[in-house]
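The values are calculated or read from the model by the stated rules, or taken from the named source; none is laboratory data. Predicted, not measured: the structure shown is a model, and the values here were computed from it. Every residue, glycine as well, gets a Cβ built from its backbone with ideal geometry; the counts of neighbours run over all protein chains shown. Ligands, DNA and RNA are excluded from the accessible area calculation, which covers all protein heavy atoms including side chains. Shrake-Rupley method; radii C 1.70, N 1.55, O 1.52, S 1.80 Å.
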Amino acid sequence: MLPRTLFSRTALVIALMSFAFQIFTIAVITYFALIPLGRHATSDFAALLVDTAQAWQAEPASERPWLQERIGRLHRIQVQDPPGETTGFSRMLPYFQLLEASLGTRTGAHIELRASRSEYGEEWYWADLPAAGATVRVGFPASRVDVQPWLAMMLILSVGTIVTLITSAWLARWLIGPLARLAAATQHIGRGLRPESLAETGPTELATLAHGFNRMGEQVEELLANRTTLLAGISHDLRTPLARIQLALGMLSEKPDRDLIDRLLHDVEGMNQLIARCLEVSRDFAEQDSVDLDLCDLLAEVAGEFTGAGADIRGRKGPDCHLRVRPLALKRILSNLIDNALRYGGEQPVDIEYRIEEESAEICVLDRGPGIPEAERETVFRPFYRLEPSRNSRTGGSGLGLAIVRQLAAANGWTVGLAARPGGGTMACVRVPLEEQ
Ligand code: ATP
Ligand code: MG
């Protein structure tokens with residue numbers, strides 16, 4: 001079972017990897033350096049032991065105490081004479097096997113090291129070596145071997161553990177801190193609150209994540225703000241005729257008036273249209289499924305709704321026209337753009353062009369009207385914003401068209417923009433990314 005937190009997982013992975021690497025390092029050093037070195041050292045030492053045994057055997061008995069003193073002082077070797085009690089011992093170090101092998105090679109016999117404990121409590125190792133027909137027991141103390149592989153192992157592993165912990169803590173500070181802040185901020189967004197902006201610093205991936213998240217926060221806020229304005233505006237637009245209707249009804253109860261009734265009917269019709277539009281838009285927003293469709297057919301269908309009413313729209317059917325989109329949203333966007341082009345295009349024909357590229361498709365509606373001043377090209381997307389602010393239905397609509405276009409596009413991951421058309425007029429383009437939606 002894996003640990004749950006990122007910190008413990010990071011620590012575990014680093015610990016396992018560094019442990020494996022340490023084992024590998026130790027194995028390589030042992031195989032390529034320690035064992036060859038040990039072989040040389042034990043070979044030399046075996047020669048010394050065998051020479052000592054032979055010298056001992058060659059010396060007359062009277063000289064042997066002198067020899068004993070000399071080899072003890074110079075080489076920390078002793079001859080045990082007469083041989084005493086010895087026991088077997090476990091060979092934790094490869095050193096003993098190597099020494100036994102070297103002794104075997106030099107004497108041509110099978111030599112087995114045995115151990116005994118001196119009166120001072122130190123362990124001694126003995127080899128019974130054949131020398132001139134007799135057997136001489138030569139030995140050396142444990143301190144002469146002086147190899148501490150366990151200590152080395154412990155040192156490496158404990159330093160490894162400390163390094164692992166420090167590295168994980170470091171990584172944790174880099175990774176987990178920003179991620180935890182991101183998690184907290186996400187919960188804010190879930191509750192519809194605006195989270196504080198995250199710092200867009202640190203490693204590139206995290207900075208990109210923070211940047212993306214901040215942008216998402218802004219977009220959500222903008223979307224909410226736009227919808228609120230839309231709702232407030234619509235309510236306002238409904239209340240004005242309602243107030244007029246109320247007033248008119250009061251007057252009508254006193255005296256019937258044909259003119260007043262006509263205006264009443266006109267107001268009711270206006271309210272009806274506004275509500276119908278709201279219902280349509282909310283249906284477009286609720287649209288779920290993308291459909292594979294022929295863009296040219298869709299353009300022809302949308303344009304057809306206008307040309308049926310006498311508008312002049314031009315477009316050419318190009319080669320590959322296939323697209324996967326939510327059709328209702330795209331149709332609504334295009335019909336709003338075409339509606340504007342016809343309404344503000346000064347009776348001139350409207351062109352529709354499209355281009356399908358590697359990563360996106362771009363559909364543009366072009367008119368030859370007066371154009372939109374550059375400073376206004378973003379503001380016209382605000383709900384109820386119109387260049388001609390009178391709200392007179394002859395000079396424009398309610399000012400909702402482009403706001404709806406922007407919101408529908410944003411909800412689908414598309415972008416819409418207005419630009420000046422070369423040669424005069426406006427060019428309104430929607431760009432639809434082609435990746436799987
Ligand atoms: P609605 O679309 O809700 O009936 P509307 O057309 O006035 O009303 P928008 O479509 O949002 O609202 O357009 C906002 C304003 O931008 C318009 O009132 C108009 O002044 C200006 N505008 C939009 N499209 C064009 C265009 N193609 N050429 C010139 N001005 C334009
Ligand atoms: Mg419009």
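I'd like to check something: does the range 268-287 contain any residue that is hydrophobic (A, V, I, L, M, F, W, C), away from ligand 1 (no atom under 16 Å from the Cβ) and modelled with pLDDT of 90 or more?
Yes: the range 268-287 contains one or more residues that are hydrophobic (A, V, I, L, M, F, W, C), away from ligand 1 (no atom under 16 Å from the Cβ) and modelled with pLDDT of 90 or more.
Conditions tested, residue by residue: (1) in contact (Cβ under 8 Å) with a residue 60 or more places away in the chain; (2) assigned to a strand (DSSP E or B); (3) within 22 Å of E301 (Cα to Cα); (4) within 12 Å of ligand 2 (Cβ to nearest atom).
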residue: N340; (1), (2), (3), (4): yes, no, yes, yes
residue: R343; (1), (2), (3), (4): no, no, yes, yes
residue: G346; (1), (2), (3), (4): no, no, no, no
residue: I352; (1), (2), (3), (4): no, yes, yes, no
residue: C364; (1), (2), (3), (4): yes, yes, yes, no
residue: G371; (1), (2), (3), (4): no, no, no, no
residue: V380; (1), (2), (3), (4): no, no, no, yes
residue: L402; (1), (2), (3), (4): yes, no, yes, yes
residue: A428; (1), (2), (3), (4): yes, yes, yes, yes
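Just wondering, is there one or more residues in the range 312-330 that are within 18 Å of V281 (Cβ to Cβ), in contact with a strand residue (DSSP E or B) (Cβ under 7 Å, 6 or more places away or on another chain), open to solvent by less than 20 Å² (accessible area, probe 1.4 Å) and within 12 Å of ligand 1 (Cβ to nearest atom)?
The answer is no, given that none of the residues of the range 312-330 is within 18 Å of V281 (Cβ to Cβ), in contact with a strand residue (DSSP E or B) (Cβ under 7 Å, 6 or more places away or on another chain), open to solvent by less than 20 Å² (accessible area, probe 1.4 Å) and within 12 Å of ligand 1 (Cβ to nearest atom).
Here is a list of conditions, (1) closer than 18 Å to G139 by Cα; (2) touching a helix residue (DSSP H, G or I) at 6+ places or on another chain (Cβ under 7 Å); (3) of a type outside the set (G, A, S), and D44 meets all of them except one; can you say which number that is?
It fails just one condition, (2).
Filtering the range 237-267 down to residues that are β-branched (V, I, T) and exposed (fewer than 15 other Cβ atoms within 10 Å of the Cβ), which residue is farthest from C321 (Cα to Cα)?
This residue is I261.
Filter the range 268-294 down to the residues that are in contact (Cβ under 8 Å) with a residue 60 or more places away in the chain and more than 16 Å from ligand 2 (Cβ to nearest atom), then identify the one that is nearest to R324 (Cα to Cα).
S290
Take the conditions open to solvent by 90 Å² or more (accessible area, probe 1.4 Å) and not basic (K, R) and apply them to E112. Does it pass?
yes
Check V138 against each of (1) farther than 30 Å from D44 by Cβ; (2) surrounded by 13 or more Cβ atoms within 10 Å (Cβ to Cβ); (3) modelled with pLDDT of 85 or more and name the one condition it does not meet.
It fails just one condition, (1).
Condition check: assigned by TED's automatic domain parsing to the domain that holds Q80 and open to solvent by 40 Å² or more (accessible area, probe 1.4 Å). Does A47 satisfy that?
Answer is no for this residue.
Across the range 284-296, what is the number of residues that are surrounded by 12 or more Cβ atoms within 10 Å (Cβ to Cβ) and outside any loop (DSSP other than H, G, I, E, B)?
Qualifying residue count for the region: 7.
Restricting to the range 349-379, what's the tally of residues that are open to solvent by 10 Å² or more (accessible area, probe 1.4 Å), within 11 Å of ligand 1 (Cβ to nearest atom) and not acidic (D, E)?
The total comes to 8.
Residues in the range 223-231: is at least one in contact with a Phe, Trp or Tyr (Cβ under 8 Å, 6 or more places away or on another chain) and modelled with pLDDT under 80?
There is at least one residue in the range 223-231 that is in contact with a Phe, Trp or Tyr (Cβ under 8 Å, 6 or more places away or on another chain) and modelled with pLDDT under 80.
Inside the range 185-212, can you point out the residues that are closer than 24 Å to L408 by Cβ and in a helix (DSSP H, G or I)?
Selection gives I189, G190, G212.
Scanning the range 380-437 for residues that are modelled with pLDDT of 90 or more, more than 9 Å from ligand 1 (Cβ to nearest atom) and among the hydrophobic types (A, V, I, L, M, F, W, C), which turns out farthest from the chain's Cα centre (by Cα)?
So, considering only residues that are modelled with pLDDT of 90 or more, more than 9 Å from ligand 1 (Cβ to nearest atom) and among the hydrophobic types (A, V, I, L, M, F, W, C), the one farthest from the chain's Cα centre (by Cα) is A420.
Any idea which residue in the range 1-37 is surrounded by the most Cβ atoms within 10 Å (Cβ to Cβ), counting only those that are under 16 Å from I162 (Cβ atoms) and of a type in the set (S, T, N, Q)?
T10
Return yes when A225 is among the small types (G, A, S) and under 30 Å from E196 (Cβ atoms) and no when it is not.
yes
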